[in-house]
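Have a look at the structure below before the remarks.
The values are calculated or read from the model by the stated rules, or taken from the named source; none is laboratory data. Only a predicted model underlies this, so the values are computations on that prediction, with no experimental measurement involved. Cβ atoms come from the backbone with ideal geometry, glycine included; neighbour counts cover every protein chain shown. Surface accessibility is based on the protein's heavy atoms, side chains included, excluding ligands, DNA and RNA. Shrake-Rupley method; radii C 1.70, N 1.55, O 1.52, S 1.80 Å.
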Amino acid sequence: MSKSNAERSDARSNQLLGALETASRKRIEPHLEPIKYKLGHIVCEAGGLLKHAYFPQSGVLSLLTVLENGSAIETANIGREGAFGLFAAMYSRVSFNRCLVQLVGSMVRCPIELLRSEFERSEYVRDLFVSFSETLLSQVQQSVACNAMHTMEERICRWLLMMLDRAEGEALPYTHEFLSHMLGANRKSVTLAAQSLQTAGLISYRRGKIQVLDRPGLEKASCECYAIVRERFDAFLTPPSAAVQGDIEGRRTA
């Protein structure tokens, strides 16, 4: 599919695509397909076969773990820093999670087979994909701890801050019901927590939109999980020296 120079430049607003080597990017860019989905659109169900990997540019994708009774909880989200479907490109082609659109925005997708070819061709691409996948796994682990140990107010603050980092502006189009689905909590507890944050002057809520009024205050009210996850995502494009192949001196042993 032919793309204009403007569309190709916009594709690089995704940090993972922008970090690719020039040769890999030139092979991939002609096959990038811009797509737009509505809020809540299911990109792939758990257990579904993936034909494409999805690279958000200004939108956000949510990964949810789905239980047997149909309930689900978010375990990770992906914005312009990464992609959904890299595990499939590297190995199984099957999604372990339900993936849905959490924040509407621009996004491109790329055929899985092309990414698999680049993964097999380039050591740099392998390191990049593995580094992102490891960072995404760390977000999943942090989310598990956060959901189990922290208060609803802290969890909402963490979640809103993560969305705010990717959103254009400070108004987020979420209802309490949508928040309850993402956080795996009942709507009443989410509503009470949101009212507490509103009373504290951190947010305002009106007609299905959450407006952040005091970001520093929101960061202070959040648990440590937001800062930990953000730091890891800020650093994933620079793999640690211990990850450099062939250099085993100074590595910790298990």
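When +1 charges are put on Lys and Arg Cβ atoms and -1 charges on Asp and Glu Cβ atoms, the dipole computed for the chain relative to its Cα centre reaches about 620 debye. Think of segment 64-219 as a dipole: +1 on every Lys or Arg Cβ, -1 on every Asp or Glu Cβ, centred on the Cα centre; then among V212, Q195, M162, Q195 lies furthest on the positive end. Run a plain Debye calculation on segment 48-163 (Cα atoms as equal point scatterers, no solvent) and give log10 I(q)/I(0) at q = 0.11, 0.12, 0.20 Å⁻¹, rounded to two decimals, same order as the q list. Normalising to I(0) and taking log10 leaves -0.38, -0.46, -1.17. Here Y205 sits with roughly 80 square angstrom of accessible surface, probe radius 1.4 Å. 3J(HN,Hα) along segment 79-95: x, 5, 7, x, 7, 9, x, 6, 4, 5, 5, 7, 8, 8, 6, 10, 7 Hz, from the Karplus curve 6.51 cos²θ - 1.76 cosθ + 1.60 with θ = phi - 60°, whole Hz, x for Gly and Pro. For GluC sites (Glu not before Pro), the sites in segment 63-131 that DSSP calls loop and that have at most 11 other Cβ atoms within 10 Å are E68. Using a simple spin-label model with pseudo-atoms 7 Å out from Cα toward Cβ, D234 and K209 lie 2.9 nm apart. Summed over all non-identical Cα pairs, the Kirkwood treatment of segment 109-154 gives a radius of 12.8 Å. For segment 11-144, with all protein chains in place and a probe radius of 1.4 Å, 55% of the accessible heavy-atom surface sits on carbon or sulfur. Count Lys and Arg as plus one, Asp and Glu as minus one, and take only other residues whose Cβ is under 15 Å from that of V43; the net charge is then +3. Dipole magnitude for segment 33-135: computed about the Cα centre from +1 point charges on Lys and Arg Cβ and -1 point charges on Asp and Glu Cβ, it is near 340 debye. Counting only heavy atoms of the protein chains and using a 1.4 Å probe, D214 has close to 60 Å² of accessible surface.
Excluding C99 itself, what net charge comes from residues whose Cβ is under 11 Å from its Cβ, given Lys and Arg +1 and Asp and Glu -1? For residues surrounding C99, the net value is -1. Its Kirkwood hydrodynamic radius, worked out from the mean inverse distance over all distinct Cα pairs, puts the chain at 19.2 Å. The slack in the chain from H150 to T22, taken as 0.36 nm per residue of separation less the alpha-carbon distance, amounts to 41.8 nm.
Loop-resident trypsin sites (Lys or Arg not before Pro) (DSSP state other than H, G, I, E or B) in segment 15-52 with no more than 10 further Cβ atoms inside 10 Å of their Cβ: K38.
The listed residues F96, F55, once ranked by accessible area (1.4 Å probe) with the largest placed first, stand as F96, F55. Anisotropy class assigned to segment 66-109 is oblate, per the alpha carbon gyration tensor with a/c at or over the 1.5 cut-off and a/b no larger than b/c.
Taking all Cα pairs closer than 8 Å and separated by 6 or more residues, the relative contact order of the chain comes to 19 percent. Exposure check, 1.4 Å probe, all protein chains in place: M90 carries approximately 40 Å² of accessible surface. Distance from the C-alpha centroid of segment 195-219 to that of segment 27-99: 29 Å, rounded to the whole angstrom. Pairs with C-alpha atoms separated by more than 28 Å, drawn from the list K188/K220; K26/K209; K36/K209; K188/K209; K26/K51, are K26/K209. Neighbours of L179 by Cβ distance under 11 Å: Lys/Arg scored +1, Asp/Glu scored -1, total 0. Estimated from helical segments only, the mean residue ellipticity of the chain at 222 nm is -13500 deg cm²/dmol, where each DSSP H run of four or more residues counts as -39500 (n - 2.57).
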